[in-house]
Amino acid sequence: MASIFCCFRGCASFLDLGFATPAVPIKKQPTIALDQQQIGQEVVLVKDGSRICGTGGALGNTAIMQDKAYFEVRLQQSGIWGIGLGSEKADLNTVPMGNDTDSWVMCSDGYLRHNKEEMHHITQLPQEGDTIGVSYNHIELNFYLNGQKLDCPFTNVRGQVYPAVYVDDGAVLDVVFDNFVHDPPPGFDKIMLEQSLLET
């Protein structure tokens, strides 16, 4: 009996007798990715804004508003690159980032740069296939290499900031905002959209 009704419903829809149920639009939830509007002039974003290549920098499409945020970057191809945070005023056309007052980055040469200063230097340099974690709690910006904390925090990050990455010389980075390879540090979670913060 049910199969007859389904057949009739299909025919009614075909004949447009008014029995067809209207299509309900599915509201697509916004996702966090690199922002097509906040990139350097020679940057290419692919994979729905999760992969950066070319030359220059890019910011995420949402500021970090929550108390404890975490994201990861997978080094897909070596070259010159940097990972960290930046404000909307960060220079996305100059490599390396970290040469202005609006970006705080760990660079492929092992230096952590901000405002033309080398704040720290790591000796264990990330290699192709490695995952770099980034945590930020509005007090410290920390980096992790394959889940291990690097103990070289920035403590001078100020203002509204966004995830920031830059590439040059053939580097390719995949930025991951959920489904992490490594667990975030205790108390940290993926970056949430501002609307999501209001709903929790």
Worksheet entry | Amide proton proximity set for Leu59, modelled H, under 5 Å, gap of 5+ | Asp35, Gln38
Worksheet, complete the sentence: Surpassing 22 Å at the alpha-carbon level, of the pairs Lys47/Lys89; Lys68/Lys116; Lys149/Lys190, are Lys47/Lys89; Lys68/Lys116
Discussion item. Which order do you get for Arg158, Arg51 if you rank them by accessible area with a 1.4 Å probe, largest at the top?
Written reply: Arg158, Arg51
Item to complete: Could I have the simple spin-label model distance between Leu125 and Ser78, label points 7 Å from Cα toward Cβ, reported in nm to one decimal?
Response: 0.7 nm
Worksheet item: So how do Arg113, Arg74 rank on accessible area, 1.4 Å probe, biggest first, that is with the largest at the start?
Response: Arg74, Arg113
Discussion item. Report the gain in length on full extension from Asp183 to Glu140: 0.36 nm times residue separation, minus Cα-Cα distance, nm rounded to one decimal.
Written reply: 13.7 nm
Worksheet item: Shape call for the range 34-190 from the C-alpha gyration tensor, a ≥ b ≥ c root eigenvalues: rounded (a/c under 1.5), prolate (a/b greater than b/c) or oblate?
Response: rounded
Discussion item. I need the phi-derived Karplus couplings for the range 159-176: 6.51 cos²θ - 1.76 cosθ + 1.60, θ = phi - 60°, integer Hz, Gly and Pro marked x.
Written reply: x, 7, 10, 10, x, 9, 9, 9, 9, 6, 6, x, 5, 9, 10, 10, 9, 10
Discussion item. Restricting to DSSP loop positions (anything but H, G, I, E, B) with no more than 16 other Cβ atoms inside 10 Å of their own Cβ, which GluC sites (Glu not before Pro) remain in the range 69-148?
Written reply: Glu88, Glu128, Glu140
Worksheet entry | Around Tyr144: net Lys/Arg minus Asp/Glu count, Cβ-Cβ under 11 Å | -3
Practice prompt. At 1.4 Å probe size, with no ligands or nucleic acids counted, give the accessible surface of Thr62 in Å², nearest ten.
Written response: 20 Å²
Item to complete: Pick out, from Pro126, Ser87, Leu145, the residue whose Cα sits farthest towards the positive end of the charge dipole of the range 34-190, with +1 on the Cβ of Lys and Arg and -1 on the Cβ of Asp and Glu.
Response: Ser87
Worksheet, complete the sentence: Reported to the nearest 10 Å², Asp183 has, with a 1.4 Å probe, an accessible area equal to 140 Å²
Item to complete: Given the peptides 160-166, 38-44, arrange them by the average over their residues of other C-beta atoms within 10 Å, most packed first.
Response: 160-166, 38-44
Item to complete: Calculate the length of the line joining the C-alpha centroid of the range 31-106 to that of the range 133-200, in whole Å.
Response: 11 Å
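The values are calculated or read from the model by the stated rules, or taken from the named source; none is laboratory data. On a predicted model such as this, the values are computed, not experimentally measured, just so you know. Positions of Cβ are generated from backbone atoms using ideal geometry, with glycine treated the same way; all protein chains shown enter the neighbour counts. Surface areas here come from the heavy atoms of the whole protein model, side chains and all, with no ligands, DNA or RNA. Shrake-Rupley method; radii C 1.70, N 1.55, O 1.52, S 1.80 Å.
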